[in-house]
Amino acid sequence: MSDLPFPPGFLWGAATSAHQVEGGNTRNDWWRFELVPGAIRGGEKSGEACGHYARFDADFALAAADGHNAHRLSFEWSRIEPRPGQFDAAEVAHYHDVLASLKRHGLTPIVTLHHFTNPLWLADEGGWEDRRVVDRFEAFVRFCAREYGGEVDWWCTVNEPEVFAFRGWSEGVWPPRVRDDSRALTVIAHQLEAHGRAYRVLHAEDRWDADGDGAAVRAGFAKHRPQLEALRAWHPLDRLVAHFERRVFNEAVDRAPVDGVIDLSIPGATRVRRVLPELAGAFDWYGLNYYTRWMVKAFADPSHVARPGAPRNDLDWEIFPDGFEQALRAAARSGKPVLVTENGVADAHDALRPRALLDFITAMHRAIAGGVPVLGYLHWSLLDNFEWSDGFHGRFGLYGVDFTDTARPRQRRTSAEVFARIARANAVTDAARAWGSGGTAARGA
Ligand code: FCB
């Protein structure tokens, strides 16, 4: 088959978040949440996670050897600012070391400033429900822009405002364990507002063009964009619920940074409507996190299931590469280029991931060929890690981790090789396809 080349300068890398990989994050709300009996599957705790806080340099060496040229990570707010307005010099220095290591390994950093976790002090003053959070986050972002602007151009302000809000405040399965849709909408609105502020602050304060490409700041946020469809296509309630979920989850969040209008509503919840001029046009790229499609079943538990008979990953999420192409096209309607900030497969045995990786990346190529401007692809994840309330059950790594002893070498999976072949060639080639199609014979090619 012919090669499928990607545009010159395409970013290839993996994505991680601090709490999921670092270990030892004792000052945030997730650490406290993990102590609650029944909060995490199997009673697991993030604990030492991947030990990445100590081993980041060796981990980045693996990524670089695999041809990655970029890496998405997050700064752990609770480490940098353990008390309001007080910055921890040792932790600030730690992230300088991390950035220096990325640079040595030729990996462009893409830094997320909020990836689900909150300093304990912030959670205790009301967290993302309390309006003060917008100012608090702005101050943290200002600090980061001034401190790290010389090393970072690519900033991702917040990760998945809608997932963060729904899991914590509607489903109540993440901290702070609230079940109230109105409060969930307030949280989404605060995250979007905080994004708008952060975007302006980054552009005002980070004046340093770290990679010499002519832009000092390229900022956006990461949006989780699943397909949401009625499980029973004939059932009016499934269709109605899927419609409302698409509207609030995808359409309303997509709209906010385009025209500055936050308009969030779902039946039974208090509508939130705000017009924020500073939010209008406040993104340089659309950050797309894509995993799956959900079939919606009204008034059922669970209310979201995989399509019956579809291939699924270890967490029962449908593997649906065509949906990735659709999501990329939808993201491009924002009018901005798309950066794939996450895409991956939970697959402890790496049985489905090699093929899925090829299929996802081939779907992305179709989207690009169809006119979608895509800047890069960051695979979730470099390492198996702490998968929030699923504990260590969702294994998303190109590399496996021995969680009984994180000092042991990472286990390189076939998927890492498939990805390396694509990244090095900046193309899907037959050599990558041979490795991705499974089967040892094919892998000998
Ligand atoms: C996304 C999160 C990320 C990881 C993946 C599997 O929703 O942003 O932290 O948990 O899902």
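The values are calculated or read from the model by the stated rules, or taken from the named source; none is laboratory data. Note that the coordinates shown come from a computational prediction; the quantities given were computed from them, not determined experimentally. Positions of Cβ are backbone-derived with ideal geometry, glycine not excepted, and every protein chain shown enters the neighbour counts. For the accessible areas, the whole protein counts, side chains as well, though only heavy atoms, and no ligand, DNA or RNA atoms are used. Shrake-Rupley method; radii C 1.70, N 1.55, O 1.52, S 1.80 Å.
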For the chain, size of Cβ-based charge dipole, Lys and Arg +1, Asp and Glu -1, in debye: 820 debye
Unit charges at the beta carbon, dipole of segment 11-436: most positive-side option, VAL141, GLY85, SER389: SER389
Kirkwood-based Rg over Rh for segment 86-220 (C-alpha set), two decimals? 1.01
Per residue of segment 39-50, what does 6.51 cos²θ - 1.76 cosθ + 1.60 with θ = phi - 60° give for ³J(HN,Hα)? Whole Hz please, x for Gly and Pro, Karplus curve as stated. 5, 10, 3, x, x, 6, 10, 4, x, 8, 6, 9
Using 1/(1 + (r/R0)^6) with R0 = 22 angstrom and r between the beta carbons of ALA425 and ALA61, what's the FRET efficiency to the nearest 0.05? 0.60
Placing one equal point scatterer on each C-alpha of segment 85-131 and summing with Debye, one gets log10 I(q)/I(0) at q = 0.23, 0.27, 0.33 Å⁻¹ equal to -0.94, -1.04, -1.15
Point-to-point label distance, HIS243-ARG274, nm (Cα→Cβ direction, 7 Å offset): 2.9 nm
Just want the answer: with Cβ charges of +1 for Lys and Arg and -1 for Asp and Glu, which residue in TRP30, TYR377, HIS71 is farthest toward the dipole's positive end in the chain? TYR377
What does the charge count near GLY9 come to, summing +1 for each Lys or Arg and -1 for each Asp or Glu among other residues with Cβ under 13 Å from its Cβ? -1
List the longest stretch of the chain that has no exposed loop site; here a site is one of the chymotrypsin sites (Phe, Trp or Tyr not before Pro) assigned by DSSP to anything other than H, G, I, E or B, with at most 16 other Cβ within 10 Å. 300-445
Measuring with a 1.4 Å probe in the full set of protein chains, what accessible area per residue, in whole Å², belongs to segment 11-436? 35 Å²
Residues of segment 269-299 with amide N under 20 Å of a point placed 7 Å along Cα→Cβ from HIS235: 293-299
Tensor-based shape of segment 360-442 (alpha-carbon gyration tensor, a/c under 1.5 rounded, otherwise prolate or oblate): oblate
Percent of accessible area on segment 11-436 owned by carbon and sulfur, 1.4 Å probe? 52 percent
Taking the DSSP beta bridges in segment 11-436 as the whole, what percent of them are antiparallel, to the nearest 5? 25 percent
Tell me the net charge near PHE75. Cut-off is 11 Å between Cβ atoms, PHE75 excluded, with +1 for each Lys or Arg and -1 for each Asp or Glu. -4
Rg (one decimal) and Dmax (whole number) from the Cα set of segment 11-436, in Å, equal 20.1, 59
Stokes-Einstein D for segment 320-382, Kirkwood Rh over Cα pairs, 20 °C, 1.002 mPa s (µm²/s): 178 µm²/s
Assuming R0 = 30 Å, what is the FRET efficiency of ALA215 and ASP88, from their Cβ-Cβ distance, to the nearest 0.05? 0.50
Contact order normalised by length for segment 11-436, with contacts defined as Cα pairs under 8 Å and 6 or more residues apart; what percent is it? 16 percent
